[in-house]
Each structure stands twice: as structure tokens, then as C-alpha cells.
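The values are calculated or read from the model by the stated rules, or taken from the named source; none is laboratory data. Note that the structure is predicted; figures quoted are calculated from it, not measured. Using ideal geometry, Cβ is built from the backbone for each residue, glycine included, and neighbour counts are taken over all protein chains shown.
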Amino acid sequence: MVVIIDPQLAGVAGNMIIGALIDLGANPEETMEVMEAAASYFGGVDVKVSDVKKAGIKATYVEVKKASMPYLRYPEFLEKIEAINHPLIDDGIISFSRRV
């Protein structure tokens, strides 16, 4: 499956994108696990996923709370990205993370 996101006219928050991907079929438990595992290299996050209904529309809401994180210079950030080791995070994701 390919998803194209073009937020040129209006921004899209990261938690909104994650919620939409879960609504499209991404496994919520694996998604939370990957987010928490990757964030553990930077200080950690707490991720909660819940169903919400607003104005008759049902959706998945993702709440992400960060732990206190130290300031990093770009080279330190890259070192942490390179150090991420998780079975669901492959080299392509790490490579993409370096470029954004």
C-alpha cells in the first residue's frame, strides 16, 4: 500500500498521521512499540492510542507525551539515529531519518 501525504495547503500533525495510518490498518501495538523504542534513544515518549468520536466522525486519536530530552547537536542526533536497533525498524527507515 502506498500513501501520499501532501500537506501544502494545511499542516498535518504527527499524531494525526499516526492515527490515520492506524485507521488504515497499521497495528496499534506495533506502532506504539516502534515509536517508544526509537524515542528511547532520545529520552523516551509515552504513547496512548484511543478511539474518539467528534461531530459524528469516528477516528483514532494518538497522544504522544515526551520525557525530558537533552538538547542535541546535529552530529549527536545522527549518532543516536544510527544506534537505533529494533526488528521493526529497518535500514531504509534509518536512512530516511538521516535525510529529513
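Considering only residues of the range 1-32 that are among the small types (Gly, Ala, Ser) and at pLDDT 85 or above, which is nearest to the chain's Cα centre (by Cα)? Of everything passing the filter in the range 1-32, 14 is nearest to the chain's Cα centre (by Cα).
Considering only residues in the range 17-57 that are touching a residue at least 24 places away in the same chain (Cβ under 8 Å) and charged (D, E, K, R), the one that is surrounded by the most Cβ atoms within 10 Å (Cβ to Cβ) turns out to be 33. Screening the range 24-100 for helices (runs of 4 or more DSSP H) wholly inside it with 2 or more residues that are of a type in the set (D, E, K, R) and more than 17 Å from residue 14 (Cα to Cα) returns the ranges 74-83, 91-99.
Among the numbered conditions (1) over 22 Å from residue 91 (Cα atoms); (2) in a loop (DSSP other than H, G, I, E, B); (3) out of contact with any helix residue (DSSP H, G or I) (no Cβ under 9 Å at 6 or more places or on another chain), the only one that residue 15 does not meet is (2).
Among the conditions (1) farther than 24 Å from residue 94 by Cβ; (2) within 12 Å of the chain's Cα centre (by Cα), residue 47 misses just one, which is (1).
Scanning the range 58-72 for residues that are surrounded by 10 or more Cβ atoms within 10 Å (Cβ to Cβ) and either under 13 Å from the mean Cα position of the chain (by Cα) or among the hydroxyl-bearing types (Ser, Thr, Tyr) (or both) yields a total of 6.
Evaluate the following for residue 96: is it surrounded by 15 or more Cβ atoms within 10 Å (Cβ to Cβ) and on the phi < 0 side of the Ramachandran plot? Write out each step before concluding.
Numbers: surrounded by 15 or more Cβ atoms within 10 Å (Cβ to Cβ): no; on the phi < 0 side of the Ramachandran plot: yes.
Judged against the criteria, residue 96 is not a match.
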